[in-house]
Amino acid sequence: MATRISRTPLELRPVERDLLNQTGGAHVEWCGRGATALYWAFRVARRLRSDLDAPEVVLPSICCATPANAALLAGCRPRFADVNARTGMPDVDQLLHRVTGNVCALVFVHLYGQTAALDDLARHCRERGVLLIEDAAQALGANLPGGAAVGSAGDCGVYSFNPTKILECGGGALLLRNAEHSDVLDEVVHAAPLEEPEADALASLGVSYRNLHHALVALLRGGADAREISPAFMRLQPHYDPLYLRPMHSPWRLADAWRSLPSILDRRRAKASLYAELLAGGPWGTLDGWRESGVCWRYTLLSASPQRIQTLSERVRRDGFHVSNLYWPVSHFFNPSDACPNAERFARSVLNLWVDESVDEDYVRRCAMSLKERARESESVESSP
Ligand SMILES: *Cc1c(COP(=O)(O)O)cnc(C)c1O
């Protein structure tokens, strides 16, 4: 078989070689988005489990919505695992809790650059005929706890090189570790080759999706019932289908960016260390999994006073700094019957700070000062009679 339609472009051969060596992989398929890579992975999972009439996939409840959208597009019903309140990532038992006989794939998302030991999970998935997908979109270059590279524990690895990720040059990739799966992928890609979308229409559709998501997160945060929001959201999803499947552009940009990955990760860690030092003792906890994984995507605070987080982030924004708290349990949109109580608490307390190339150490110092002052202000307001 193996009549590959998408051969690796010459300039991407070094990147391919690195990814395959680091993960013990068999094949890399290039595309325009992490979403496309996820879609392909789900299609492969469906082919491998053609015995299932109503295939399901298990996703973490704390994540962006993209993996769930890719699952829908691939004809799989998303199910959601609750998360560990200290990391925002699901533990093995929380994931397995959602593995019914209909599940063909399970996605582990290395959230905000953190990683987790996946050997036990991989064994369970193998035993149950479930494809294990590692989503490394936020953790490019990270190590798993034992020191192996992210992407080396699952059957598949998903990569994104699009804006807001570690490299922002554009593109995505699906890594397969099993050569037999790459024959299945070949069929999937042959059956539906990627087409060049119309750029302007796509851009406005992307804005529409983002605005819809932000608007609904605000309603849910304010206490709206997810069982009312979800059907409305789900009815609109087919409008957004054109967003997810894209071919790769300008592979030379990724080839260039790849060489600067080590220094980009160094600078991110330096900024995260500085935040850790400057923000110690504030009314928040911090996620420090980046120290072990080597990758900090955003520097994450978990507020001790979630009820004040909106006001706090608004004030810090007014001081001129990026803070985001847009993560909301994805289950509320796609499948509210999968209760995820830890994810709700986690989502209400997250504040993400920037450590990317758009900010320098001086920015980090000023941002930390703003956070500490604004937090003090809101506490003294609260404690005054
Ligand atoms: C951004 C992201 C994706 C999707 O990547 P795109 O290239 O934007 O399609 C998938 N999973 C996670 C965890 C992400 O953060």
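Some observations on this one:
- Segment 1-28, subset at pLDDT below 95 and of a type in the set (Ser, Thr, Tyr), residue nearest to Gly147 (Cα to Cα): Thr8
- Hits in segment 30-86 - residues which are touching a helix residue (DSSP H, G or I) at 6+ places or on another chain (Cβ under 7 Å), within 21 Å of Arg126 (Cβ to Cβ) and among the charged types (D, E, K, R): Arg43, Arg47
- Every condition in (1) closer than 28 Å to Cys104 by Cβ; (2) within 11 Å of the ligand (Cβ to nearest atom); (3) among the polar types (S, T, N, Q) is met by Ser182 except one, and the failing one is (2).
- Scanning segment 323-339 for residues that are assigned to a loop (DSSP other than H, G, I, E, B) and either of a type in the set (Gly, Ala, Ser) or more than 30 Å from Leu72 (Cβ to Cβ) (or both) turns up Ser337, Ala339.
- When Gly75 is tested against (1) on the phi > 0 side of the Ramachandran plot; (2) within 12 Å of the ligand (Cβ to nearest atom); (3) open to solvent by 10 Å² or more (accessible area, probe 1.4 Å), only condition (2) is not met.
- Condition met for Asn162 (within 15 Å of the ligand (Cβ to nearest atom), among the polar types (S, T, N, Q), surrounded by fewer than 22 Cβ atoms within 10 Å (Cβ to Cβ) and not in a strand (DSSP E or B)): yes
- In segment 96-118, the residues that are within 20 Å of Trp328 (Cβ to Cβ) and either open to solvent by 20 Å² or more (accessible area, probe 1.4 Å) or over 14 Å from the mean Cα position of the chain (by Cα) (or both): Arg98
The values are calculated or read from the model by the stated rules, or taken from the named source; none is laboratory data. Computed from a predicted structure; not experimentally measured. Reconstructed Cβ throughout: ideal geometry from the backbone, glycine too, with neighbour counts over all protein chains shown. We work out accessible area using only protein heavy atoms, side chains counted, and drop any ligands, DNA or RNA first. Shrake-Rupley method; radii C 1.70, N 1.55, O 1.52, S 1.80 Å.
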